[in-house]
Amino acid sequence: MQFSQDKAIYLQMADRLMDDIVAGIYTDEARIPSVREYATTLGVNTNTAMKTYDELSRMNIIYNKRGLGYFVTPGANEQIRTERRREFFEQTCKQFARQMRLLGLTMDEVAKHINPQSENND
């Protein structure tokens, strides 16, 4: 995994695990890789991976079954989607709309770039 400089590594790792949950790789009650396994897979220090799991536990995305490992909390997928939708509309969408206004773009122009096949369907 390539890490960017603009966000803490443990948060980027948490985002990746949440992506896997949203993608259905890990479903409700599914066991996720151990802290050590995840650290090895991503080539990071075990303490960094532990910080990731602590953060996801704090967010109630995963939980620890003592002696068995970490598991996906029931409803985590929808919780992640709900939060990401909120962030999308509050941050990304507002910034996107601002750029559209500054550049004088119309929704039709944007739609053509988002879905190029729509031109062929007219």
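Numbers below:
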item	result
Output for region 41-83, where each listed residue is of a type in the set (Gly, Ala, Ser), under 23 Å from residue 3 (Cβ atoms) and part of a loop (DSSP other than H, G, I, E, B)	43
Within region 8-40, tally of residues that are charged (D, E, K, R) and not in a helix (DSSP H, G or I)	3
Residues of region 80-101 that turn out to be open to solvent by 70 Å² or more (accessible area, probe 1.4 Å) and closer than 14 Å to residue 28 by Cβ, as a count	1
Single residue of region 6-29 satisfying the filter (of a type in the set (Val, Ile, Thr) and open to solvent by 50 Å² or more (accessible area, probe 1.4 Å)) that is farthest from residue 72 (Cα to Cα)	9
Residue check for residue 13: over 19 Å from residue 65 (Cα atoms) and in contact (Cβ under 8 Å) with a residue 40 or more places away in the chain	no
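Conditions (1) of a type in the set (Lys, Arg); (2) buried (at least 17 other Cβ atoms within 10 Å of the Cβ); (3) free of Cβ contacts under 8 Å to residues at least 24 places away in the same chain, marked per residue:
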{"position": "31", "(1), (2), (3)": "yes, no, no"}
{"position": "35", "(1), (2), (3)": "no, yes, no"}
{"position": "39", "(1), (2), (3)": "no, yes, yes"}
{"position": "42", "(1), (2), (3)": "no, yes, no"}
{"position": "53", "(1), (2), (3)": "no, yes, yes"}
{"position": "62", "(1), (2), (3)": "no, yes, no"}
{"position": "71", "(1), (2), (3)": "no, yes, no"}
{"position": "78", "(1), (2), (3)": "no, no, yes"}
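The values are calculated or read from the model by the stated rules, or taken from the named source; none is laboratory data. Owing to the predicted nature of the structure, the values given are computational and were not obtained by experimental measurement. Quick reminder, even Gly has a Cβ in these numbers, built from the backbone with ideal geometry, and neighbours come from all protein chains shown. Note: areas computed on protein heavy atoms with side chains; ligands, DNA, RNA excluded. Shrake-Rupley method; radii C 1.70, N 1.55, O 1.52, S 1.80 Å.
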